[in-house]
Amino acid sequence: MPLENTILLETIDWTIIGIFFLIVLSIGWLASRTAGKNTSEFFLGGRGMPWWLLGISMVATTFSADTPNLVTGFVREDGVAKNWAWWAFLITGMVTVFIYARLWRRSSVMTDLEFYELRYGGKLATFLRGFRSIYLGIFFNCLIMGSVTLAAIKIGGVMLGLQPLEVVVGASIVVVIYASLGGIKGVVWADFFQYGIAMFGAVYAAYIAVSQPEVGGLSGLLDNPGIQSKLNIFPDFSDASVYLPLLIIPIAVQWWSVWYPGAEPGGGGYIAQRMLSAKNEKNAIGATLLFNFAHYALRPWPWIIVALASMVLYPDLASIKAEFPGIADEYLKDDIAYPVMLSKLGPGWLGLVVASIIAAYMSTIGSHLNWGSSYFVNDFYRRFVKPDASEKEFVTMGRITTVVLMVLAGTLSLTILDNATQAFNILLLSGAGSGAIYLLRWFWWRINALTEIVAMIVATVMAMVLVLGVEDAVFETALLDGFTVKLLLTVVVVTVSWLLTTLFTKPEDKETLRKFYKLTHPGGPGWKRVVEEARADGDPIDEKDKGLAWEMPKQILLVFVGCVSIYCSLFSIGGFVYGETIRGLILGGIAVVSTVILFKLMAKLRVG
């Protein structure tokens with residue numbers, strides 16, 4: 001039974017969606033001609049991909065169907081300022097661009113999990129690689145895809161009157177076909193096509209939202225008394241209970257301490273996969289820089305506008321329920337306001353925007369399917385089950401895994417998850433406290449495999465106890481909400497646990513450390529002891545360091561300038577959206593100047 005008040009697609013809408021599916025399937029079929037050659041082609045595109053294509057692929061992957069829902073939920077719950085929960089990750093992104101991108105490319109691994117047996121040695125490193133291939137590739141990955149599919153369920157239910165199972169099956173078939181056929185090339189080229197459609201759809205949805213008579217245009221929206229308390233980009237600095245959890249903790253703690261997909265400290269997951277697919281170090285840096293600019297500066301405002309407009313038309317959940325009585329109670333959360341607003345679209349445009357949402361969904365799911373299957377095939381099946389299998393068999397296993405992952409993710413979205421914020425919080429808490437390890441393991445020889453194992457175990461136990469066993473209200477204080485206290489507690493406990501483990505356990509053997517250094521040449525004081533001991537043994541491992549000089553001060557400056565450039569771009573656009581032209585021009589000018597400085601500094605970096 002379709003939901004009441006849903007909009008039925010007309011012939012023109014179905015035609016547009018059909019053409020979109022045909023193009024995406026064609027991309028997968030064309031890419032399949034080379035994808036099946038070997039695992040390097042299937043998972044890394046032969047390591048020859050350009051920066052602009054990889055950068056767009058990264059940003060398309062993070063532009064998922066649940067992201068507008070998440071941002072809408074944030075704005076409706078705590079205002080525009082709550083977006084600092086993810087804006088703070090820009091610092092992580094800039095650190096990845098200017099410090100870690102070239103290190104990942106030098107490592108020449110196929111997945112970031114293969115790194116474990118490069119950086120560490122012995123049975124613990126082997127266990128870590130195998131366990132995380134399942135933990136991240138299956139469990140975590142399916143949680144992410146389940147959250148994205150949940151958004152598709154809500155959009156399909158509100159806009160098209162489809163039942164959850166119908167949405168899951170319909171949304172999965174095409175993406176599984178092109179992801180399993182074309183491998184990473186199919187995914188990346190499909191991302192390139194889909195990103196343009198998704199961005200156009202988001203902008204047009206914002207235009208339609210402010211065009212509603214109740215909203216009265218952009219000026220009417222901004223003057224509406226019902227949203228005045230939600231407009232501020234920065235939280236209220238007169239109230240510590242507001243600015244501490246919304247701004248200070250994300251900026252001071254979250255960016256370096258929390259592992260989060262797409263914003264992993266030091267790079268990881270599908271971001272690392274894209275860097276490893278690049279032609280060289282220069283293309284890896286260019287790809288991640290383009291990704292961070294598009295991700296943080298260009299995309300947020302259309303979603304924010306729709307979220308604010310939704311508060312005029314639907315000030316509370318009861319008003320949404322009144323117009324869409326068929327929405328199940330478990331799905332009736334603030335994040336559903338985004339698909340509710342899309343129901344205002346007319347024929348033709350509705351089909352295009354639906355296609356843009358499908359594009360956002362498929363770009364994310366396609367990347368996660370290929371990334372997850374790369375973990376399973378390269379770091380579990382090849383490593384532990386059948387290391388002597390042919391390349392053709394590995395590719396076949398990758399395609400089978402792609403299908404299985406989609407089934408698991410769809411099941412999760414139908415049975416457990418009910419809103420985007422819930423999944424976001426679970427992911428944040430599960431990775432809390434471990435982020436600093438991923439930053440330091442490249443530059444501090446003392447970190448070992450047991451460091452990561454202890455951090456992983458303690459973080460998982462803490463997350464299970466705090467999420468499943470204790471309500472947020474128990475931890476609420478006068479200054480901090482319950483979840484923020486949980487996050488800080490987990491960061492402290494996990495960080496102390498792995499630091500003590502590192503200091504009171506044996507380091508990796510010298511052969512493992514020297515081999516890693518020779519390959520990646522991280523340099524710096526954190527490797528001084530290893531370098532000096534190698535020289536004393538007649539095994540100078542720093543011979544190439546003269547050509548790859550220690551440039552950390554310059555890299556840190558690049559991180560700072562990059563953050564200034566992108567944050568000023570973000571807030572410059574916000575200034576124009578809010579009708580504050582002078583502010584927009586000033587911030588835009590700072591963004592331009594800082595960008596020029598950024599590229600001049602980048603030209604002096606020594607990259608391969």
Specify the residue that is surrounded by the fewest Cβ atoms within 10 Å (Cβ to Cβ); the eligible residues are those in the range 63-113 that are among the polar types (S, T, N, Q) and over 20 Å from the mean Cα position of the chain (by Cα). 108
May I ask you to verify whether residue 238 is among the small types (Gly, Ala, Ser), in a loop (DSSP other than H, G, I, E, B) and over 30 Å from residue 392 (Cα atoms)? yes
Sort out which residues of the range 450-474 are surrounded by fewer than 18 Cβ atoms within 10 Å (Cβ to Cβ) and either outside any helix (DSSP H, G or I) or touching a residue at least 60 places away in the same chain (Cβ under 8 Å) (or both), and write them in order of number. 470, 471
Single residue of the range 1-18 satisfying the filter (of a type in the set (A, V, I, L, M, F, W, C) and at pLDDT below 50) that is surrounded by the fewest Cβ atoms within 10 Å (Cβ to Cβ): 1
Could you check residue 323 against (1) closer than 25 Å to residue 84 by Cβ; (2) surrounded by fewer than 18 Cβ atoms within 10 Å (Cβ to Cβ); (3) not aromatic (Phe, Trp, Tyr) and say which number it fails? (1)
Considering (1) crowded, with 22+ Cβ neighbours inside 10 Å; (2) part of a helix (DSSP H, G or I); (3) at pLDDT 90 or above; (4) not basic (Lys, Arg), say which one residue 447 fails and leave the rest. (2)
Under the condition of being modelled with pLDDT under 80 and part of a helix (DSSP H, G or I), which residue from the range 340-349 is surrounded by the fewest Cβ atoms within 10 Å (Cβ to Cβ)? 349
When the range 459-493 is examined, which residues are found to be closer than 10 Å to residue 432 by Cα and in contact with a Phe, Trp or Tyr (Cβ under 8 Å, 6 or more places away or on another chain)? 486, 489
Residue 282 vs (1) under 20 Å from residue 204 (Cβ atoms); (2) surrounded by fewer than 22 Cβ atoms within 10 Å (Cβ to Cβ): all pass except (1)
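Per-residue answers, yes or no, for (1) more than 28 Å from residue 373 (Cα to Cα); (2) of a type in the set (D, E, K, R); (3) without any contact (Cβ under 8 Å) to a residue 12 or more places away in the chain; (4) touching a Ser or Thr at 6+ places or on another chain (Cβ under 6 Å):
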position: 166; (1), (2), (3), (4): no, yes, yes, no
position: 170; (1), (2), (3), (4): no, no, no, no
position: 174; (1), (2), (3), (4): no, no, no, no
position: 181; (1), (2), (3), (4): no, no, no, yes
position: 185; (1), (2), (3), (4): no, yes, no, no
position: 197; (1), (2), (3), (4): no, no, no, yes
position: 224; (1), (2), (3), (4): yes, no, no, no
position: 237; (1), (2), (3), (4): yes, no, yes, no
Which listed residue is among the aliphatic types (A, V, I, L, M) and under 29 Å from residue 120 (Cα atoms), from 400, 457: 457
Examine the range 417-439 for a residue that is buried (at least 20 other Cβ atoms within 10 Å of the Cβ), part of a loop (DSSP other than H, G, I, E, B), touching a Ser or Thr at 6+ places or on another chain (Cβ under 7 Å) and at pLDDT 85 or above, and state whether such a residue exists. yes
Taking the criterion of being touching a Leu at 6+ places or on another chain (Cβ under 8 Å), charged (D, E, K, R) and in a helix (DSSP H, G or I), would at least one residue in the range 370-380 satisfy it? yes
Being surrounded by fewer than 21 Cβ atoms within 10 Å (Cβ to Cβ) and in contact (Cβ under 8 Å) with a residue 12 or more places away in the chain is the filter; apply it to the range 199-214 and report the residue that is farthest from residue 40 (Cα to Cα). 214
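The values are calculated or read from the model by the stated rules, or taken from the named source; none is laboratory data. Everything numeric here is computed off the predicted structure, so don't read it as measured data. Glycine gets a Cβ as well: all are built from the backbone with ideal geometry, and neighbour counts include every protein chain shown.
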